[in-house]
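Quick notes on the structure that follows.
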Amino acid sequence: MKTKIGFIGLGNMGTSIARNLIDSGYHLQVYNRTLSKIDELGTDNVTKCLSPAEAAADVPFLITMVSDDEVLRESTVGDGGILKTLQPNAVHISMSTISPETSVELAKLHEQAGSRYLASPVFGRPEAAAARKLWICISGDEQTKADARPILDLLGQQVVDFGPTAGGANVVKIAGNFMIMASMEMMAEAFTLAEKNGLSRTLVSDFFSSTLFNAPIFQNYGKALAGKQYQPVGFKAKLGYKDARLAFKLSQTSEMPMPIANAVHGRLLTAVARGWGESDWVEGIGRGVSEDAGL
């Protein structure tokens, strides 16, 4: 039996990551706000926990994959938070998309408690997580990164180090998600322009994704946007809006004008306001552009 690992957060991404760890022989102590989700992992190599603190007890590593800064902070320092039980020198691997400020804050709190914190946000949709094809960004203490690598190497196709500052990897994650949503907005507008002029959205998408824009983002998201394929829901529009808020806030604190970030922030806010928050962010952006065009 391999090392026990604490695990918190069984959304679309977290569930796939947890299953891969179980398949690799790890025993997981799992907490999720909806406890019934834990049952979907089965009973082999899984201990069902009733609080984050219980999931963090007596493990050398704990992984969190939760929805936002507030949930992560509460899971860490709130009543029943992981800092109440995380053993000395244990590593908290934070894979959530959060602000760099929260990462820096949590790293200091872990240091004060005698444990360690590693920023480790990921790129990839749930199907990439299931296939162990995530791109994993890390930042933090050198020894902590080295200790966590054997686990992270099991989960992704590449782990990239962005330095010793706790929030560094989170800046990269926010920048990357901004680039994805900006590309989606651009594609949705281009394909809708083609449709308004009597052309096939799919034909136009296929042409660009195999020539000028021959890259996974344009191939995968482009296909979904062109075909208005909004199911299954891989990443909810309300989470995309959360990431747009992070990009907007970071641009403000960095005194970095980002007019395109303002545009996609507005697009995703509109999607949430229209009641599409539980839909995929492809729908939030693509449907919004289509309706603006009267289609």
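Listed by position, the strands (runs of 3 or more DSSP E) enclosed by region 11-92 that each have at least 2 residues that are more than 24 Å from SER139 (Cα to Cα) and open to solvent by 10 Å² or more (accessible area, probe 1.4 Å) are 27-31, 46-48.
Kindly provide the set of residues from region 93-104 that are crowded, with 18+ Cβ neighbours inside 10 Å and closer than 20 Å to ALA175 by Cα, ordered by number. Scanning region 93-104 gives SER94, MET95, SER96, THR97, ILE98, SER99, PRO100, THR102, SER103. The set of residues from region 246-291 being in contact (Cβ under 8 Å) with a residue 24 or more places away in the chain, under 22 Å from ALA194 (Cα atoms) and open to solvent by 60 Å² or more (accessible area, probe 1.4 Å) comprises ILE260, ARG287.
If you go through region 130-157 and keep only what is farther than 21 Å from GLY25 by Cα and among the polar types (S, T, N, Q), you end up with SER139, GLN143, THR144. Exactly one residue among LYS242, LYS223 is open to solvent by 30 Å² or more (accessible area, probe 1.4 Å), in a helix (DSSP H, G or I) and either touching a strand residue (DSSP E or B) at 6+ places or on another chain (Cβ under 8 Å) or modelled with pLDDT of 95 or more (or both), and that residue is LYS223.
Here the strands (runs of 3 or more DSSP E) wholly within region 115-220 that include at least 1 residues being hydroxyl-bearing (Ser, Thr, Tyr) and open to solvent by 10 Å² or more (accessible area, probe 1.4 Å) are 116-119.
The values are calculated or read from the model by the stated rules, or taken from the named source; none is laboratory data. Just so we're clear, the structure is a prediction, and the values are computed from it rather than from any experiment. A quick note on method: Cβ atoms are made from the backbone with ideal geometry, for glycine too, and the neighbour counts reach across all protein chains shown. Ligands, DNA and RNA are stripped out before the accessible areas are found, and what is left, the full protein with its side chains, is counted by its heavy atoms. Shrake-Rupley method; radii C 1.70, N 1.55, O 1.52, S 1.80 Å.
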